[in-house]
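Enquirer: I have a structure I would like to understand better, so I am pasting it below and will then ask my questions one at a time.
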Amino acid sequence: MQDSIETLKQWVNSSNNIVFFGGAGVSTESGIPDFRSVDGLYHQHYAYPPETILSHTFFERHTAEFYEFYHDKMLTLDAKPNAAHKKLAEWEHAGKLRAIVTQNIDGLHQAAGSKTVYELHGSVHRNYCTRCHKFYDAAYIKQAHGIPLCACGGLIKPDVVLYEEGLDENTIAHSIEAIRSADMLIIGGTSLVVYPAAGLINYYRGSKLVLVNKQETSADSRADLVLHGAIGEIFSQL
């Protein structure tokens, strides 16, 4: 492992157009649960499966139950950036990292200081009235009792991509362009099973494809460097 960390460190030092593609594993070390691990949301017990609750249809038909789950499991507003978030922000500030493409909705990359962050699945920090489109922050949603409503009486919806909804085309376009032009792509903290997001890594054309994850993924065999472990622990050594 130490040899791999040294290799990664050398590659970072010699690169100036790094793109990071990350998933839930980037934030688990900040106390935010993922979906698919042993302790993840998919293995906890609710009246409905999480993938049903977090669907567009469920949001429209069972809004109160949606927000009960959302308040309980998705609004982890006390979470702080960990070593991975901070290292990525450091690289961006140094002019090495050009963009972060994330499947996470927690805003921790921005909290760590990163500026160019493409949020494929939206953010809990953006919420809009479905009637007048007025903006509301996450604190408003957290403090609301029951279903959060706008001053105009309209229903407020989180700006997160629910099941049955498509990804934002502009975000996808920027993500593809960043990945396609990168001289180094680091994939971290993702099982690469959520599509279409996971398919974006296929646009990478360089020769420094790095994969950092606790478990093996379908992309391990095509990566130029693979490190298995907690991403925060590994990045803290770079």
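Enquirer: Restricting attention to the range 103-113, does a residue exist that is in contact (Cβ under 8 Å) with a residue 60 or more places away in the chain, of a type in the set (A, V, I, L, M) and closer than 20 Å to A24 by Cα?
Expert: Yes: one or more hits.
Enquirer: Any residue that is under 22 Å from H145 (Cα atoms) and open to solvent by less than 30 Å² (accessible area, probe 1.4 Å) - is there at least one of those in the range 90-100? Let's see the steps before the verdict.
Expert: Step one: filter the range 90-100 for residues under 22 Å from H145 (Cα atoms), giving none.
Looking for residues that are under 22 Å from H145 (Cα atoms) and open to solvent by less than 30 Å² (accessible area, probe 1.4 Å), one finds none in the range 90-100, hence no.
Enquirer: Would you mind stating whether R126 is open to solvent by 10 Å² or more (accessible area, probe 1.4 Å), of a type outside the set (V, I, T) and under 18 Å from the mean Cα position of the chain (by Cα)? Talk me through it step by step, then tell me what you get.
Expert: Numbers: open to solvent by 10 Å² or more (accessible area, probe 1.4 Å): yes; of a type outside the set (V, I, T): yes; under 18 Å from the mean Cα position of the chain (by Cα): yes.
Judged against the criteria, R126 is a match.
Enquirer: All but one of (1) open to solvent by 50 Å² or more (accessible area, probe 1.4 Å); (2) at pLDDT below 95 hold for L75, so report the exception by its number.
Expert: (1)
Enquirer: I'd like to know if the range 144-151 contains one or more residues that are in contact with a helix residue (DSSP H, G or I) (Cβ under 8 Å, 6 or more places away or on another chain), without any contact (Cβ under 8 Å) to a residue 60 or more places away in the chain, of a type outside the set (K, R) and open to solvent by less than 20 Å² (accessible area, probe 1.4 Å).
Expert: Scanning the range 144-151 turns up no residue that is in contact with a helix residue (DSSP H, G or I) (Cβ under 8 Å, 6 or more places away or on another chain), without any contact (Cβ under 8 Å) to a residue 60 or more places away in the chain, of a type outside the set (K, R) and open to solvent by less than 20 Å² (accessible area, probe 1.4 Å).
Enquirer: Going through H85, H109, H121 one at a time, which residue ends up being touching a helix residue (DSSP H, G or I) at 6+ places or on another chain (Cβ under 8 Å), within 22 Å of I32 (Cβ to Cβ) and open to solvent by 30 Å² or more (accessible area, probe 1.4 Å)?
Expert: Step by step, each of H85, H109, H121 is checked, and only H121 is touching a helix residue (DSSP H, G or I) at 6+ places or on another chain (Cβ under 8 Å), within 22 Å of I32 (Cβ to Cβ) and open to solvent by 30 Å² or more (accessible area, probe 1.4 Å).
Enquirer: Taking the condition of being open to solvent by 40 Å² or more (accessible area, probe 1.4 Å) and either in contact with a His (Cβ under 9 Å, 6 or more places away or on another chain) or assigned to a strand (DSSP E or B) (or both), how many residues in the range 170-211 meet it?
Expert: 1
Enquirer: Within the range 78-118, count every residue that is assigned to a loop (DSSP other than H, G, I, E, B) and out of contact with any strand residue (DSSP E or B) (no Cβ under 8 Å at 6 or more places or on another chain).
Expert: Final tally of qualifying residues: 9.
The values are calculated or read from the model by the stated rules, or taken from the named source; none is laboratory data. Every value quoted in this text rests on a predicted model; they were computed, and no experiment measured them. Quick reminder, even Gly has a Cβ in these numbers, built from the backbone with ideal geometry, and neighbours come from all protein chains shown. Accessible surface areas use protein heavy atoms only, side chains included; no ligands, DNA or RNA. Shrake-Rupley method; radii C 1.70, N 1.55, O 1.52, S 1.80 Å.
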